[in-house]
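The values are calculated or read from the model by the stated rules, or taken from the named source; none is laboratory data. Small disclaimer: the values here were computed from a predicted structure and weren't measured. Cβ coordinates were reconstructed from backbone atoms using ideal geometry, including for glycine residues, and neighbour counts include every protein chain displayed. All accessible areas refer to the heavy atoms of the entire protein, side chains included, with ligands and DNA or RNA removed. Shrake-Rupley method; radii C 1.70, N 1.55, O 1.52, S 1.80 Å.
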Amino acid sequence: MGNWQNFIKTRLLQSWRFIRAAGWITLIALPLVFIFYLSFLDRLKSASPLEIAGISLLIPITLHFGRKDRKFLKKHGYALPLLFTLEYLMLGSLITVPAIALYGQLAALPFLALGSFLLALLPALSSKIKGQRPWQLSFIPLAAYEFKAGFRQYGWLLLLMILLGLIASKWVAPPLIAILISTSLLPNIYNYCEPKEWMENRMLQAGSLVKVSLLHIGIWLLFLSPLGIAFLLFSNEYWYLLLVSNLISVFYLLFAIFYKYANYWPGRNKLHTGLVSAFMWIGLSIPFTAPICIIYVILLYRKAKIRLAFFKTL
């Protein structure tokens, strides 16, 4: 069995590292996240126990299918289903336990425990099957190679989100939730810095940062279009919710692109955008914090242009 004290200590150290990496953004974002959290809890007063448990599992679901620590934890002797169940139960309890205290929906807790256990048993859809030929995805241009890599890594999860959103599209929320959960994966596909020669071919031409960004937006919106069409077929009176969801998705995509090139350096393996990305995802979803996030995206664009201009002189 793995050492549970070491595991808890490691998780705390990881959290502190993410907070330090976020820097001054943490001072702004944490109070805003807390306000959003209280507002979100207030909206749960009319939800059923099953709905509360389902909402509580949204973040664990996103985490589960994208996690990369399975081999490491297994190598150190941890029982993965038990460990994952406890992790997801603790994450989900941040929503379920306050909802129980406020509204007395005690039945949400066993639903959360069962959902956490079943989720922990599912394999990682992002894992490559040994010997399987990777998707060629020749229809995606080389200028959007991040999407090629991203779809190969997260393609099954993204397709699952699209499928679930389409199946439940007669209700208002599922297609929108599918869009937002799919969007939450975007920074992961921009987490690596390509070699300088690749970057020069597409990013060091006049206006190419804008052109590449528009290309990526077009590909992403085309991918989400089945959800949008299904939503409009069944819930066209709420078209503005679809518009807002797509705007959140577009600005989050721009954040991922600009953050990458604002911090680009040849040979840099990974950007570690975890906490910053989480703050942006939440902030863009809150009306009174969204303008701050959009301003931050604009500042990142300026910083990215400066960074790319530096490589022009080399």
Exercise. In nanometres, what is the gap between the two model label sites at TRP265 and ARG43, each 7 Å from Cα along Cα-to-Cβ?
Worked result: 3.9 nm
Seminar exercise, completed: SASA check, LEU222, accessible area w/ 1.4 Å probe, all protein chains in place, rounded to nearest 10 Å², comes out at 130 Å²
For this session: Rounded to the nearest 0.05, what FRET efficiency do ALA107 and LEU221 give with R0 = 35 Å and r taken as the Cβ-Cβ distance? Could you check?
Result: 0.30
Exercise. How many angstrom lie between the C-alpha centres of the range 62-125 and the range 154-232?
Worked result: 26 Å
Exercise. With the contact rule set at Cα under 8 Å and sequence spacing of 6 or more, what percent relative contact order holds for the range 144-226?
Worked result: 31 percent
Exercise. Which of the peptides 109-115, 43-49 is most tightly packed, and how do the rest follow, going by the mean number of other Cβ atoms within 10 Å of each residue?
Worked result: 109-115, 43-49
Seminar exercise, completed: Surpassing 32 Å at the alpha-carbon level, of the pairs LYS148/LYS303; LYS71/LYS148; LYS74/LYS148; LYS9/LYS260; LYS45/LYS260; LYS75/LYS148, are LYS45/LYS260
Problem set entry | Gain on full stretching of the segment that runs from LEU114 to LEU73 - 0.36 nm per residue minus C-alpha separation | 12.5 nm
Problem set entry | Sequence of VAL297, VAL172 from largest to smallest accessible area, 1.4 Å probe | VAL172, VAL297
Problem set entry | Label-to-label distance, nm, for residues given as VAL244 and LEU122 (7 Å Cα→Cβ offset) | 2.6 nm
Exercise. What order, most packed first, do the peptides 175-185, 92-102, 211-221 have when packing is the mean number of other Cβ atoms within 10 Å of each residue?
Worked result: 175-185, 92-102, 211-221
Problem set entry | In nm, spacing of pseudo-spin labels at PHE288 and LEU163 (7 Å Cα→C-beta vector) | 4.2 nm
